[in-house]
Structure formats: C-alpha cells, structure tokens
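Heads up: the structure comes next, in structure tokens.
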Amino acid sequence: MFFISNAYAQSNPAEALGSSSFLGQYGFLILMFVAMYFLMIRPQQKRAKEQKAMMEALEKGSEVVTVGGVLGTITKVSDQYVTLAIASGTEMIVQKSAVTMVLPKGTIKAI
C-alpha cells in the first residue's frame, strides 16, 4: 500500500467517458455525414441538374464548346447527337454529352 494507490471501478463505463446519451455517442458520426452531404453530394447533384438542363436547351444556331475544345455552331439536333459547323462547309457530329458550354451569340465570329 505504500507505492500503489487503490483503483476503483466505475459503475457505468459510458458515464466514465461522459457520453451516456445517443447523441453523445454518435453525434460526431452524424455530423460528418451531414457535412459530407452539404460539401460533396449536394453541389454535385446541382451541377448534374444544370448540365442536363443545358443539354435539353441545345437548339439549332447555338454556339457551343465541346470537351475537346472545338468551337462550333449547332446545325442539327437529334436525341443523342448534335451536328456542329466548325468551319464553312465542314460539319462534325458529336454526342450531346460532349458539349460543355453554350456560348453567347456572335462569340465565334468575334474570335
């Protein structure tokens, strides 16, 4: 007894840690999922919705940029493909998903 002090057991281990409630035990985990939703999942859903709306709004005469950086004017629109006029007398068929941005009218002529 001279060197070793007595150790007494706690009646409830959760009380010893100070987290006896459900929120205390799982609060951090719930907080992490909420943060991931607002920082990662929600913005990606918003971007996907904007991309879908842009693809549905493609029409003849719109000036667009493709994934490969090709600028062109849409001459024909079908369900999954668009035909681009990239130069006088030169047309190219690309998938709608390859269109990344719709440019304002007259942008290609200004370049």
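Readers should treat all values here as calculations from the given coordinates under stated rules, not as data from a laboratory. Predicted, not measured: the structure shown is a model, and the values here were computed from it. So basically every Cβ, Gly included, is an ideal-geometry build from the backbone, and we count neighbours across all protein chains shown.
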> When residue 68 is evaluated against the numbered criteria (1) without any contact (Cβ under 8 Å) to a residue 24 or more places away in the chain; (2) loosely packed, with under 10 Cβ neighbours inside 10 Å, which criterion, by number, is the only one it fails?
Replying inline: (1)
> If you scan the stretch 75-92, which residues turn out to be under 13 Å from residue 64 (Cα atoms) and of a type in the set (A, V, I, L, M, F, W, C)?
Replying inline: 77, 82, 84, 85, 86, 92
> Restricting attention to the stretch 93-103, which residues are among the aliphatic types (A, V, I, L, M) and surrounded by 14 or more Cβ atoms within 10 Å (Cβ to Cβ)?
Replying inline: 94, 98, 99, 102, 103
> Counting only residues that are part of a strand (DSSP E or B) and under 21 Å from the mean Cα position of the chain (by Cα), which one in the stretch 65-82 is nearest to residue 109 (Cα to Cα)?
Replying inline: 65
